[in-house]
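See structure below.
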Amino acid sequence: MPGEGDRLLRSAQDIVVGVFVMLVLMYFLMASDDFFLRKIVRVLPTLRDKIRAVEIGRAIEVEIGRYFTAFTLLNLALGTLVTLVLWFFGLPSPALWGTMVGLLNYVPYLGPVISLTVITMVSLLTFDTLSQALLPPLVYMAIDAVEGNVIEPMLFGRSLSLNPIAIFVALLFWGWLWGAAGILLAVPVLIAAKIACQHIESLQAVGEFLDRR
């Protein structure tokens, strides 16, 4: 049991480091302004290709900015709500676990699973009876289900909807390539790929596959 707890703690630490790396990387990408887009436009041979590149670049910039802004606000609200719920049930350090939930929610699928596992372990170690210990993780599961199946689709809409299979494959690939930072950047990269495919006629079939609907 201690070994499992150590592995979960190391996984959580890797994700937190990954969040920091992601934020630094996104800062430098945004700070570079249109540098990379200008480079791409400069090397493209035809005016039509240059115009298409600008359209794709602007669309990616808008959607990625929307994704990070909306998802950050959503995760702040989620972390705050979980903190209040865990405080209500009497778990120790509720703000710590709420912060953990908010940060790990950046990682699709894996993040909520880690959060649920940690909350369950803390709850089992805190309460004497099984019925008391199961209440906090069950309530968290309900909150996560509403957030993932109701709030996220309403918040992001069709433009940011992604095929779950594509997300899973992207998580495996980028996680293997870049570790925790790759896991965190998998969804933004997938959003950018989907937008690019939708703007290029020969790749629209790929864009359709990446779409959830």
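The values are calculated or read from the model by the stated rules, or taken from the named source; none is laboratory data. The structure presented is a predicted model; accordingly, all values stated were derived computationally and were not measured. All Cβ positions, even for glycine, are placed from backbone atoms using ideal geometry, and neighbour counts span all protein chains on display. Accessible surface areas use protein heavy atoms only, side chains included; no ligands, DNA or RNA. Shrake-Rupley method; radii C 1.70, N 1.55, O 1.52, S 1.80 Å.
Rundown of residues vs (1) buried (at least 16 other Cβ atoms within 10 Å of the Cβ); (2) at pLDDT below 75; (3) touching a Leu at 6+ places or on another chain (Cβ under 9 Å), yes/no style:
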{"position": "Leu37", "(1), (2), (3)": "yes, yes, no"}
{"position": "Leu44", "(1), (2), (3)": "no, yes, no"}
{"position": "Asp49", "(1), (2), (3)": "no, yes, no"}
{"position": "Thr69", "(1), (2), (3)": "no, no, no"}
{"position": "Leu74", "(1), (2), (3)": "yes, no, yes"}
Determine the pairs where a residue that is without any contact (Cβ under 8 Å) to a residue 40 or more places away in the chain, located within segment 192-213, has a partner that is open to solvent by less than 40 Å² (accessible area, probe 1.4 Å) and of a type in the set (Asp, Glu) with Cβ atoms under 8 Å apart, the partner being 6 or more residues away or on another chain.
Lys194/Asp211
Output the qualifying pairs, or none if there are none: Cβ atoms under 7 angstrom, residues six or more apart or on different chains, first residue in segment 75-96 and in contact (Cβ under 8 Å) with a residue 40 or more places away in the chain and under 18 Å from Leu116 (Cβ atoms), second residue part of a loop (DSSP other than H, G, I, E, B) and not small (Gly, Ala, Ser).
Leu78/Asn105
Pick from Pro153, Pro108: which is within 13 Å of the chain's Cα centre (by Cα) and not aliphatic (A, V, I, L, M)?
Pro108
Tally the residues that are polar (S, T, N, Q), assigned to a helix (DSSP H, G or I) and farther than 14 Å from Pro94 by Cα, restricting the search to segment 121-146.
2
Meets criteria (among the small types (Gly, Ala, Ser), modelled with pLDDT under 75, over 12 Å from the mean Cα position of the chain (by Cα) and surrounded by 14 or more Cβ atoms within 10 Å (Cβ to Cβ)) for Ser161
yes
Asp211 passes all but one of (1) more than 29 Å from Leu96 (Cα to Cα); (2) open to solvent by 30 Å² or more (accessible area, probe 1.4 Å); (3) touching a Leu at 6+ places or on another chain (Cβ under 8 Å); (4) among the charged types (D, E, K, R); which number fails?
(2)
Could you grab me the full set of residues in segment 190-207 that are closer than 14 Å to Glu61 by Cβ and open to solvent by less than 60 Å² (accessible area, probe 1.4 Å)?
Ile191, Ala192, Ile195, Ala196
